[in-house]
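A quick write-up on the structure given underneath.
The values are calculated or read from the model by the stated rules, or taken from the named source; none is laboratory data. Nothing here was measured: the structure is a model prediction, and the numbers come from that model. Positions of Cβ are generated from backbone atoms using ideal geometry, with glycine treated the same way; all protein chains shown enter the neighbour counts.
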Amino acid sequence: MTQQLLTQYRRDLHQIPETDFDLPETLAYIRRVLEQYPCTLFSPCKSTLCAYFDAGKPHTAAFRADMDALPIAERSGCDYASRHEGKMHACGHDGHMAMVLALAGRVSEVLDKLPRNVLLVFQPAEETTGGAKLVCDSGVFEEYHCDRIFGWHLWPDLPAGAIASRPGPLLARSSEVTVTVTGKSSHVAKPHEGRDALYAASAFLCESYRRMELLGRAEEPRLLKFGKLTSGQARNAISDSSLLLGTLRVYSDEMFNAAEAMLRDLANTLERETGCSFTIAFSAGYPPVRNDQALFEQARTALAELQVLDEPLMISEDFSFYQQQLPGLFLLLGTGTGIPLHADTFDFDESVLAAGLAADELLLFLN
């Protein structure tokens, strides 16, 4: 029966994907499911729904599910495909919601035996602006005395039903990097009359990669990559402007600050050498996902099948905002498909959700 519910929840939600904060059908569906259980339903902030199960205990364990989909036209070919044109659950959030909805039923059955109250958090905008931060800023965790939070992400590169995580850094801090280079145009026959913004941007790109490799400790993972360079107007004119768009991924504030300082120093050097001017902007991005050591060790004891990853991953997730406010544990659940996240063919067998739900049931009873 539980597997039937997991499949039904996931497929129902898969057909009504919504994006960002605009989630009326999704929220209505979740509310209908939760209304059958002995919990208090409320919205602490925009497009967010929480369910509080009061076990009469001084502290509360929170479980998070993200609700938003992606602006992708689905091409999975499944009979439960998206009914919303140009939108798709291509990142597994439908599976995350299905697990937490099923967990609500389990909590209802064992509420008087739990060591903590339970707060289920359904949040918006993980894929866009970081809805988790709004939930944190609402004060809901203080109001309900939450002392831990758990979250999941489906992971195509793990075997079906496998569970993995690691203590400390798991996912990267992400920041978009925008580099604007301003030079002066001239005919290529008179290059001395111009300031070549294309050359300056290319030099910045190559040298930034070299310096990033030398930055900090060799064993500390970090990544700087630029995916787009636009420059110039014509093949026979020196470019007067360039735009470099990239991303920086690190696991500590120290490494981020070092990388930022390195890039700004490089820009200053190239300004002197090329005569072009540089402007560098960094987006705030999401903090790194860093699992609480003590909570991880408790989970490792409870979950015999938990795999410990050797290295952190380079993706980012707004679950990190929760971990800045209270101890948190983020786990990966394998789909075994190898179909990349955000692919227009993303799909998985819902039987893997049973493994995640079983793990959540054990996490409910951690001391």
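Let's see how each residue does on (1) out of contact with any helix residue (DSSP H, G or I) (no Cβ under 9 Å at 6 or more places or on another chain); (2) of a type in the set (S, T, N, Q); (3) outside the structural domain of residue 121 (by TED's automatic domain parsing):
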| site | (1), (2), (3) |
| --- | --- |
| 262 | no, no, yes |
| 275 | no, no, yes |
| 317 | no, no, no |
| 323 | yes, yes, no |
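Checked against the criterion of being touching a Lys or Arg at 6+ places or on another chain (Cβ under 9 Å) and among the small types (Gly, Ala, Ser), the candidates 130, 139, 151 yield just one match: 151. Residues in region 27-48 that are without any contact (Cβ under 8 Å) to a residue 24 or more places away in the chain and not in a loop (DSSP other than H, G, I, E, B): 28, 29, 31, 32, 40, 41, 42. Figure legend. Inter-residue proximity from region 214-229: first residues farther than 16 Å from residue 244 by Cα and modelled with pLDDT under 90, second residues basic (Lys, Arg) and not in a strand (DSSP E or B), beta-carbon distance below 8 Å, spacing 6+ or different chains. Indicated pairs: 216/222. Only residues that are surrounded by 23 or more Cβ atoms within 10 Å (Cβ to Cβ) and not in a loop (DSSP other than H, G, I, E, B) were counted across region 122-135, and they come to 5.
For residue 239, indicate whether it is part of a loop (DSSP other than H, G, I, E, B), in contact with a helix residue (DSSP H, G or I) (Cβ under 7 Å, 6 or more places away or on another chain), free of Cβ contacts under 8 Å to residues at least 60 places away in the same chain and assigned by TED's automatic domain parsing to the domain that holds residue 193. Quick ask: steps written out before the conclusion?
Details: part of a loop (DSSP other than H, G, I, E, B): yes; in contact with a helix residue (DSSP H, G or I) (Cβ under 7 Å, 6 or more places away or on another chain): yes; free of Cβ contacts under 8 Å to residues at least 60 places away in the same chain: yes; assigned by TED's automatic domain parsing to the domain that holds residue 193: yes.
It is true that residue 239 is part of a loop (DSSP other than H, G, I, E, B), in contact with a helix residue (DSSP H, G or I) (Cβ under 7 Å, 6 or more places away or on another chain), free of Cβ contacts under 8 Å to residues at least 60 places away in the same chain and assigned by TED's automatic domain parsing to the domain that holds residue 193.
Against the numbered list (1) in contact (Cβ under 8 Å) with a residue 60 or more places away in the chain; (2) part of a helix (DSSP H, G or I); (3) in contact with a Ser or Thr (Cβ under 6 Å, 6 or more places away or on another chain), residue 98 comes up short only at (3). Checking each residue in region 173-200 for being among the hydrophobic types (A, V, I, L, M, F, W, C) and either over 15 Å from residue 224 (Cα atoms) or over 41 Å from the mean Cα position of the chain (by Cα) (or both) picks out 181, 188, 189, 197, 198, 200. Can you go through 344, 349 and tell me which one is touching a residue at least 40 places away in the same chain (Cβ under 8 Å), more than 21 Å from residue 164 (Cβ to Cβ) and of a type in the set (Asp, Glu)? Being touching a residue at least 40 places away in the same chain (Cβ under 8 Å), more than 21 Å from residue 164 (Cβ to Cβ) and of a type in the set (Asp, Glu) holds for just one of 344, 349, which is 344. Could you check, for region 179-201, whether at least one of its residues is outside the structural domain of residue 62 (by TED's automatic domain parsing), of a type in the set (Asp, Glu) and out of contact with any Lys or Arg (no Cβ under 6 Å at 6 or more places or on another chain)? Scanning region 179-201, I find at least one residue that is outside the structural domain of residue 62 (by TED's automatic domain parsing), of a type in the set (Asp, Glu) and out of contact with any Lys or Arg (no Cβ under 6 Å at 6 or more places or on another chain), so the answer is yes.
Among (1) more than 27 Å from residue 314 (Cβ to Cβ); (2) touching a Ser or Thr at 6+ places or on another chain (Cβ under 6 Å); (3) in contact (Cβ under 8 Å) with a residue 40 or more places away in the chain, where does residue 201 come up short? Failed condition: (1). A single entry from 157, 112 fulfils the requirement of being in the same structural domain as residue 295 (by TED's automatic domain parsing), in a loop (DSSP other than H, G, I, E, B) and modelled with pLDDT of 95 or more: 157.
Residue pairs whose Cβ atoms lie under 9 Å apart, separated by 6 or more positions or on different chains, with the first residue in region 49-62 and assigned to a strand (DSSP E or B) and the second modelled with pLDDT of 95 or more and of a type in the set (Lys, Arg), are 49/31; 60/116; 60/148; 61/116; 61/148; 62/148. Look at (1) within 30 Å of residue 147 (Cα to Cα); (2) in contact with a strand residue (DSSP E or B) (Cβ under 7 Å, 6 or more places away or on another chain); (3) surrounded by 20 or more Cβ atoms within 10 Å (Cβ to Cβ); (4) not charged (D, E, K, R) and you find that residue 70 fails only one, number (1).
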